[in-house]
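Comments concern the structure below.
The values are calculated or read from the model by the stated rules, or taken from the named source; none is laboratory data. Predicted model only: the values in this text are computed from it and were never measured. Note that we place each Cβ from the backbone using ideal geometry, even for glycine, and neighbour counts take in every protein chain shown. Note: areas computed on protein heavy atoms with side chains; ligands, DNA, RNA excluded. Shrake-Rupley method; radii C 1.70, N 1.55, O 1.52, S 1.80 Å.
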Amino acid sequence: MSWTYGLRAALAVCVLLLVAPAGCGTGEAHGRRDGESPSPVGELLDKRDDAGRRYRQVAKDGAPAVRIEVTPDSAGGWDVRLTPRHFRFSPAGTRPVATAGRGLAHLFVDGDPVARLRTPAYHLAARLVPHGTHHITARLYADDGTVWAVHGKPVESTADVTASETESSPGTAAGRSGTGAMSAQVVRLRTVGRGSRDPAGKAS
């Protein structure tokens with residue numbers, strides 16, 4: 001009886017040793033059921049933006065792209081409209097993990113950051129675009145803060161706009177303050193990425 005009992009105990013230990021690694025593997029698979037790919041997205045480059053965020057380069061085919069449209073409104077400000085392609089805006093509270101075709105846009109005026117956008121529409125205050133020509137840029141970022149890039153260049157679109165003062169009659173409020181009214185026109189559009197355009201507006 002003792003020999004039989006010892007044999008059974010030895011077999012039980014062997015079974016446990018065989019099952020344990022399989023159990024660990026099952027746990028790892030369960031930990032990845034959040035739908036995220038364990039493999040990295042794109043290639044992190046040494047290039048960085050002005051804030052020190054690294055570029056995340058992806059292949060041109062199917063890469064994120066964006067087009068910006070800026071139009072003056074009746075109150076003297078600017079309406080900004082983004083048209084993304086192969087890209088979806090992530091809602092607030094999204095985990096800081098790079099996911100293909102997801103993220104947010106940073107809005108710049110003459111290179112200075114003014115807003116982070118999670119929707120395609122934004123109103124730009126007139127004070128941010130004073131008299132003269134200015135460059136309004138929308139650049140796409142992944143949720144982890146890296147910059148989406150194609151061929152080593154950030155995925156972005158820039159509208160060059162000109163704000164000019166017009167004379168006001170002495171009897172108006174604007175005339176008394178000496179500020180005048182603002183008129184504006186969009187001069188040109190420059191985009192980088194899939195279906196991009198060069199400064200002359202021709203498709204690249």
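Extension gain for Leu44 to Phe89 (0.36 nm times residue separation, less C-alpha to C-alpha distance): 14.1 nm. Taking 0.36 nm per residue of sequence separation and removing the Cα-Cα distance, the Arg54/Thr162 pair yields an extension gain of 35.7 nm. In the range 43-85, the portion of solvent-accessible area held by carbon and sulfur atoms comes to 41 percent [1.4 Å probe, whole percent, DNA, RNA and ligands not counted]. Label sites at Asp144 and Thr71, each approximated as a point 7 angstrom past Cα along Cα to Cβ, lie 3.9 nm apart.
Proximity of backbone amide H atoms, modeled 1.01 Å from N, is registered between Ala115 and Leu107 at under 5 Å, excluding neighbours fewer than 5 places apart on the same chain.
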